[in-house]
Amino acid sequence: MRIPGTRRDTTWPIIREATIELIYQHGFETMNTRQLAELVQMKPGSLYYYFSSKEELLNRLVTEVLDEIVDDLESRLEGVESGLDRLDTFISGLAEWHVTRHKETYIARMETRSLSEERLDLYMKSRDRYDHLLDDILLQCRREKSIADIPLTLTRLSILTMITGITSWFKPTGEASLDDLTAFYVAAVRRLVGANPDPSV
């Protein structure tokens, strides 16, 4: 049974948004598919057309979010030439994701612990695409001598931990605007890598 007035290709986004709300509000372990079915006005059994288990639902959600983030970052980076400009673009884009899509990014950061070892391993291998993108940018910056001679792995881990940590404290009702936050993180990362903290210079 589908939601009245919907087609097969429009039902999953509705399920996905409802899943995000339930996990964000209650946590993955606490939410259940009966709650989800009620929220999207479907019979519980009909949900399994879209996933075979609750864990697969989580896996599909976090994998899609990860792919969307990396695809978006790669799209933003197209045509950006200098390493430092690419670093600024990566940081501002990633920070924007963790502000404007904070529920999804929070779930991807906190709830992957509920995946099986096999699924978590596959998820982390997919995440390598994300890590390699930043590694390549830092390598380019170092070749161009626009940053200090820094340890790349430690720097990459520090940057990603700092940006993904936004999900732990961000509130939509906060005083800082998106522009304020992205500018703050761009400057912070520039200081971390030994570059001029002012992108306009």
(request) Return the label of the correct value of Kirkwood radius over Cα pairs in Å, as calculated from the structure shown, out of (1) 18.5; (2) 16.9; (3) 17.4. (result) (1)
(message) Among Leu120, His132, Ala195, whose Cα projects farthest towards the positive end of the dipole of the chain, with charges put on the beta-carbon of Lys, Arg (+1) and Asp, Glu (-1)?
(response) Leu120
(message) So if each residue of separation counts as 0.36 nm, and I subtract the Cα-Cα distance between Asp128 and Asp85, what length gain in nm does that give?
(response) 13.3 nm
(request) Just add up the charged neighbours of Ser114: K/R +1, D/E -1, any other residue whose Cβ is under 15 Å from the Cβ of Ser114. (result) -2
(request) Treat every Asp and Glu Cβ in region 39-158 as -1 and every Lys and Arg Cβ as +1, leave all other atoms uncharged, and give the resulting dipole magnitude about the Cα centre to the nearest 20 debye. (result) 400
(message) Going Cα to Cα from Lys103, which lysines come in below 26 Å? Please leave out same-chain ones fewer than 8 positions away.
(response) Lys43, Lys54, Lys125, Lys171
(message) Can you compute the helix-only [θ] at 222 nm over the chain? Use -39500 (n - 2.57) per DSSP H run of at least 4 residues, normalise by all residues, nearest 500 deg cm²/dmol.
(response) -22500 deg cm²/dmol
(message) Please compute the modelled spin-label separation between Ile14 and Tyr49, points set 7 Å along Cα→Cβ, answer in nm with one decimal.
(response) 1.1
(request) May I ask which residue of Ser158, Leu87, Gly45 lies farthest towards the positive end of the charge dipole of the chain, with charges of +1 (Lys, Arg) and -1 (Asp, Glu) on Cβ and the Cα centre as origin? (result) Gly45
(request) Determine the relative contact order of the chain: mean sequence separation of Cα pairs under 8 Å and six or more apart, normalised by residue count, in whole percent. (result) 22
(message) Based on the alpha carbons, how large is the Rg to Rh ratio for region 124-183 when Rh follows Kirkwood?
(response) 1.06
(request) Give me Rg over Rh for region 23-120, both radii from the alpha carbons and Rh done the Kirkwood way, two decimal places. (result) 1.09
(message) If I model a spin label as a point 7 Å beyond the Cα along the Cα-Cβ vector, how far apart are those points for Leu39 and Glu74 in nm?
(response) 3.0
(message) With just the Cα atoms defining each centre, how far is region 13-28 from region 165-201? Give it in Å.
(response) 28
(request) Report the local net charge at Pro44: Lys and Arg +1, Asp and Glu -1, summed over other residues whose C-beta lies under 12 Å from its C-beta. (result) +2
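At 1.4 Å probe size, with the rest of the protein present, what percent of the exposed accessible area of region 79-175 is carbon and sulfur atoms?
51
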(request) Please compute the net charge surrounding Phe170, taking Lys and Arg as +1 and Asp and Glu as -1 over other residues with Cβ under 11 Å from its Cβ. (result) +3
(message) 7 Å from Cα along Cα→Cβ at both Asn32 and Lys171: what's the point-to-point distance in nm?
(response) 3.2
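The values are calculated or read from the model by the stated rules, or taken from the named source; none is laboratory data. These figures come from a predicted structure and were not determined experimentally. All Cβ positions, even for glycine, are placed from backbone atoms using ideal geometry, and neighbour counts span all protein chains on display. Side chains included, ligands, DNA and RNA excluded: accessible areas come from the protein's heavy atoms. Shrake-Rupley method; radii C 1.70, N 1.55, O 1.52, S 1.80 Å.
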